[in-house]
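Written below as structure tokens is the structure these notes are about.
Only the coordinates and a few stated rules stand behind these numbers; no lab work does. Owing to the predicted nature of the structure, the values given are computational and were not obtained by experimental measurement. All Cβ positions, even for glycine, are placed from backbone atoms using ideal geometry, and neighbour counts span all protein chains on display.
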Amino acid sequence: MLNVGRTDNRPTISEWPVRIWNMEELPPQYEAQIRAWIREDFGSYDFVYAPKRSTNAESFDYLFGYGNDRIIYIREQPERGEKNLYGECGRQTVQLRRQQVKKVLTMRELLNARITLQFDGQNGRQELQFPYIPSVYYLYDPFLNWVLGLNKEFIPFAAEQASPRPEKLYHESLAMFNYSLGAYRLGSGFSEYRYESVQHRCRWMPWKKTLEEWLDIRMERGTFELHSFGYLTECGYQLLANTN
């Protein structure tokens, strides 16, 4: 039975990010620039194209590639002021070395996910955003691993087998225990951590409570930061100097 008057805001498959396997698959608006940039074998880079989502007003069209310690990023419709910074009207273009990345942030909330790179550029600390649909995690998890200096196929769960997470954390918060697997991207294991939580009451439904939680874990290559509130989960990977 059809739901009259109801709009489905879920993205269609045609709006999902896709892997670009060769030059011929590059979107026409980016092809000339990528051909000018890439002097090596195209196969030495992984490229992903993310079209603008018609159901998300904040969405934008972008393409990125990574390999040979280099990240290439082109974004259509940059935010106000960016065209002056990057020198191209209506398009943000960035090339940076992996070593410039100082912190990586990830966010997931229902149908929205995002990776944010914080890096040192000519104008100080800057950011690049990579929004995507959680269904295509298989395109973005390898990128996250690579940016953090790991093998693209790294699996935190497999790394955890050699050094299990503290059982104490499991009893304090099952959600934080599960999400803490991400810490293994910055080290081989942990026994100490800092956990905090606050309960929030809904103003109009005082019997309903939502738990907000924070977790900080110091690892060998940096600090893993975790925040959870309702459907929102945010992770931060603060890299130590000279570890990427």
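Rounded to the nearest 0.05, what FRET efficiency do S191 and Y138 give with R0 = 22 Å and r taken as the Cβ-Cβ distance? Could you check?
Details: r = 31 Å, r/R0 = 1.43.
Efficiency, rounded to the nearest 0.05: 0.10.
Under the rule of -39500 (n - 2.57) per DSSP H run of 4 or more residues, summed and divided by the residues of the chain, what mean residue ellipticity at 222 nm is obtained, to the nearest 500 deg cm²/dmol? Walk me through the numbers before you get to the answer.
Values: 6 runs with 43 residues, N = 244.
Value at 222 nm, helices only, nearest 500: -4500 deg cm²/dmol.
Give me the net charge for the shell around G189: Cβ to Cβ below 10 angstrom, other residues only, Lys and Arg +1, Asp and Glu -1. All intermediate terms of the calculation are to be shown ahead of the outcome.
Values: positive: R165; negative: E160, E220.
Once positives and negatives cancel, what remains is -1.
Report, largest value first, the span of the C-alpha coordinates of segment 189-242 along each principal axis, in whole Å.
Result, largest extent first: 50, 19, 13 Å.
Name the lysines eligible as straight-distance cross-link partners of K52: C-alpha to C-alpha under 24 Å, and not fewer than 8 places from it in the same chain.
List returned: K83.
Among T116, I71, W37, whose Cα projects farthest towards the positive end of the dipole of the chain, with charges put on the beta-carbon of Lys, Arg (+1) and Asp, Glu (-1)?
Of T116, I71, W37, it is T116.
Using the beta-carbon distance between L174 and L111 and R0 = 30 Å, what value does 1/(1 + (r/R0)^6) give for FRET efficiency, to the nearest 0.05?
Values: r = 23 Å, r/R0 = 0.78.
Rounded to the nearest 0.05, the efficiency is 0.80.
State whether the chain is rounded, prolate or oblate according to the following rule on the C-alpha gyration tensor (a ≥ b ≥ c being the square roots of its eigenvalues): a/c under 1.5 gives rounded; otherwise a/b larger than b/c gives prolate, and the remaining case gives oblate.
Details: a/c = 1.87, a/b = 1.26, b/c = 1.48.
In terms of gyration-tensor shape, oblate.
For the chain, with only Lys/Arg (+1) and Asp/Glu (-1) charged at the beta-carbon, what is the dipole magnitude about the Cα centre, in debye rounded to 20? List each step's numbers first, then the result.
Details: 30 positive and 31 negative charges, 100 e Å.
Taking the Cα centre of the chain as origin, the dipole is about 480 debye.
Taking the Cβ of H200 as the centre, find all other residues whose Cβ is under 13 Å away and add up their charges (Lys, Arg: +1; Asp, Glu: -1). Don't skip to the answer; put the middle values down first.
Working: positive: R201, R203, K208, K209; negative: E212, E213.
Net local charge, H200 excluded: +2.
Excluding L96 itself, what net charge comes from residues whose Cβ is under 13 Å from its Cβ, given Lys and Arg +1 and Asp and Glu -1? Mind showing how you got there, number by number?
On the way: positive: R70, R97, R98, K102, R125; negative: D69, D120, E127.
Charge balance near L96 sits at +2.
Cross-link partners among lysines for K168, C-alpha distance below 25 Å, same-chain residues fewer than 8 apart left out?
The qualifying lysines are K209.
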